[in-house]
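Only one structure is covered here, and it is reproduced in the block below.
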Amino acid sequence: MQDLNIIFYKNDVIEEKLDEQTFIIPIKDGLADMNNICAIGKVASFIWQKITGNNRIKDIIDSVINKYDVDFEVAKNDVLEFLFLLKKENLIR
């Protein structure tokens, strides 16, 4: 996944935020799949909120750089790793 112009969309999920953690609950056959809840922390929650169907991967990386004052390679690696996990868990398309 090196094309930074790709745009991802969230699949059907329920999002619940508790303090600085976000819980992502997939919807399967119209019901919440409580066996596959994904809990994510502060930075991952920030990235998750940027997956709107309008932002390219590059846009998300730039947002992480601006928010957390990290260099491009660090932000790129973090974003791509998280997107890979979300894709693997079928939370984005």
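Residues that are in contact with an Asp or Glu (Cβ under 8 Å, 6 or more places away or on another chain) and free of Cβ contacts under 8 Å to residues at least 24 places away in the same chain were ranked within the stretch 49-69; the one that is most open to solvent (accessible area, probe 1.4 Å) is Lys50. Look at (1) surrounded by fewer than 17 Cβ atoms within 10 Å (Cβ to Cβ); (2) part of a helix (DSSP H, G or I) and you find that Val43 fails only one, number (1). Which ones in the stretch 1-40 are surrounded by fewer than 11 Cβ atoms within 10 Å (Cβ to Cβ) and of a type in the set (Gly, Ala, Ser)? Across the stretch 1-40, the qualifying residue is only Gly30.
In the set Ile65, Ile14, only one residue is among the aliphatic types (A, V, I, L, M) and under 14 Å from the mean Cα position of the chain (by Cα); that residue is Ile14.
The values are calculated or read from the model by the stated rules, or taken from the named source; none is laboratory data. In this text the structure is predicted, and so the values were computed from the model without any measurement. All Cβ positions, even for glycine, are placed from backbone atoms using ideal geometry, and neighbour counts span all protein chains on display. SASA here: full protein model, heavy atoms, side chains in, ligands and nucleic acids out. Shrake-Rupley method; radii C 1.70, N 1.55, O 1.52, S 1.80 Å.
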